[in-house]
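The values are calculated or read from the model by the stated rules, or taken from the named source; none is laboratory data. Since the model is a prediction, treat every value here as computed from it, not as a measurement. Note that we place each Cβ from the backbone using ideal geometry, even for glycine, and neighbour counts take in every protein chain shown.
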Ligand SMILES: Nc1ncnc2c1ncn2[C@@H]1O[C@H](COP(=O)(O)OP(=O)(O)OP(=O)(O)O)[C@@H](O)[C@H]1O
Ligand SMILES: [Mg+2]
């Protein structure tokens with residue numbers, strides 16, 4: 001009994017270990033079975049957040065907080081840097097690079113991933129009371145779209161991180177296949193299911209043949225009829241919402257002053273794209289970039305826009321604004337119209353977001369996601385009406401617009417909702433048990 005399964009997600013992660021009957025998810029923060037994929041590196045040793053843990057040693061000594069505590073340390077204004085969406089760095093050139101966390105201190109991206117996996121393993125070893133040597137790691141269908149070499153490099157980096165943490169035996173399974181195994185536990189007949197796992201970083205689809213009898217088999221290769229995915233999901237929705245409802249308050253879409261006889265020039269837009277993309281936000285804070293932006297004041301017909309932009313840049317509010325966009329998206333999904341409070345930029349500044357505006361911002365992405373789902377079913381050699389069930393998992397399936405669009409594409413399939421945040425980890429656990437106890 002020394003194996004486990006890890007769902008290392010773009011936004012949330014979980015780890016499963018063996019239990020008396022089957023597998024169970026390990027409590028990661030208090031009773032919570034999933035935890036934000038977030039690390040806060042603390043750079044002021046004399047003023048540490050209460051949840052700070054020491055670094056493991058060697059080259060990696062900075063104290064840090066994980067999960068909700070990491071986000072809280074950031075909100076509370078402790079000195080240091082919050083890292084999120086680390087998974088999206090896998091397969092990019094950044095993974096071997098060092099990023100500054102403050103006070104001239106740097107951390108290698110791969111070490112951030114390693115440190116996070118180590119924390120998950122520590123929590124699971126504490127809960128299970130035994131050292132864990134074998135692991136199944138979930139992986140998206142594609143870490144990187146349309147680039148097999150970079151995709152392979154992404155998996156190799158994740159494997160290297162798992163090895164550095166102390167896992168000796170490492171296997172991978174596709175995240176949506178894992179979700180299908182979770183679905184199958186409650187399945188009463190043999191059928192084809194299309195799993196839609198719409199998370200933070202990727203929208204993944206699989207067509208799997210499931211059934212009570214098949215669930216007992218260890219070899220399932222023939223039951224996996226198709227696997228497909230696209231790199232568009234929750235964090236892209238946040239970016240679009242921010243570009244539609246927050247960045248215009250900072251000048252996006254605006255124009256420069258009209259100079260006699262000349263049509264006004266549009267405000268250059270690149271900074272707004274960088275400010276809404278997690279791993280690019282810090283590039284906007286580089287001193288040379290800040291100076292360049294300061295000099296661009298004459299591009300702005302509305303001086304308040306430039307003033308707000310400079311406030312965001314000089315006070316490093318980019319990550320906080322992405323957080324506002326995400327919170328607004330979830331608020332609208334759960335309860336209709338909301339107000340985005342931007343008082344951190346300027347007293348009294350705010351903008352509304354209603355369901356129509358949110359739908360509008362998501363529409364372009366939506367079509368590509370539904371097209372990916374249709375392609376997956378086609379690759380499986382099935383007609384849409386041959387699907388028995390449509391299984392929804394991943395946080396972004398909280399968006400009714402998205403699940404409605406998928407249901408409309410497969411009207412004959414029964415829609416089933418899984419545990420949005422835990423289904424993949426549960427399924428990876430079931431697979432780990434079959435693999436390591438076979
Ligand atoms: N109620 C909700 N409505 C809409 N979106 C939501 C809701 N709750 C969470 N989300 C979004 O779900 C995403 C996180 O989902 P999840 O935890 O499944 O992703 P992940 O597994 O970390 O990512 P990935 O599988 O892509 O690596 C985030 O973008 C979050 O904003
Ligand atoms: Mg996921």
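If residue 27 satisfies every condition in (1) more than 16 Å from ligand 1 (Cβ to nearest atom); (2) closer than 14 Å to residue 123 by Cα; (3) outside any loop (DSSP other than H, G, I, E, B) but one, which is the exception?
Answer for residue 27: the failing condition is (3).
Across segment 305-315, which residue is nearest to residue 82 (Cα to Cα) among those that are surrounded by 14 or more Cβ atoms within 10 Å (Cβ to Cβ) and without any contact (Cβ under 8 Å) to a residue 60 or more places away in the chain?
Residue satisfying both the conditions and the ranking: 313.
Please find, within segment 248-281, the residue that is surrounded by the most Cβ atoms within 10 Å (Cβ to Cβ) out of those that are under 19 Å from residue 10 (Cα atoms) and at pLDDT 95 or above. Full working, then the answer.
To start, the set of residues in segment 248-281 that are under 19 Å from residue 10 (Cα atoms) comprises 274-281.
Keeping just the survivors that are at pLDDT 95 or above gives 274-276.
Working: 274: 16, 275: 27, 276: 24.
Ranking the qualifying residues of segment 248-281, first place goes to 275.
Going through segment 293-303 one residue at a time, which ones are part of a helix (DSSP H, G or I) and in contact (Cβ under 8 Å) with a residue 24 or more places away in the chain?
Of everything in segment 293-303, those that are part of a helix (DSSP H, G or I) and in contact (Cβ under 8 Å) with a residue 24 or more places away in the chain turn out to be 296, 298, 299.
Mind listing just one residue for me: the one in segment 6-19 that is under 16 Å from residue 116 (Cβ atoms) and not in a loop (DSSP other than H, G, I, E, B) and, of those, farthest from ligand 2 (Cβ to nearest atom)?
Only one residue tops the list, namely 15.
Has segment 254-264 got any residue that is closer than 20 Å to residue 94 by Cβ, in contact with a helix residue (DSSP H, G or I) (Cβ under 9 Å, 6 or more places away or on another chain) and in the same structural domain as residue 306 (by TED's automatic domain parsing)?
Looking for residues that are closer than 20 Å to residue 94 by Cβ, in contact with a helix residue (DSSP H, G or I) (Cβ under 9 Å, 6 or more places away or on another chain) and in the same structural domain as residue 306 (by TED's automatic domain parsing), one finds none in segment 254-264, hence no.
So which strands (runs of 3 or more DSSP E) are wholly in segment 47-159 and hold at least 2 residues that are surrounded by 21 or more Cβ atoms within 10 Å (Cβ to Cβ)?
64-66, 80-84, 134-139
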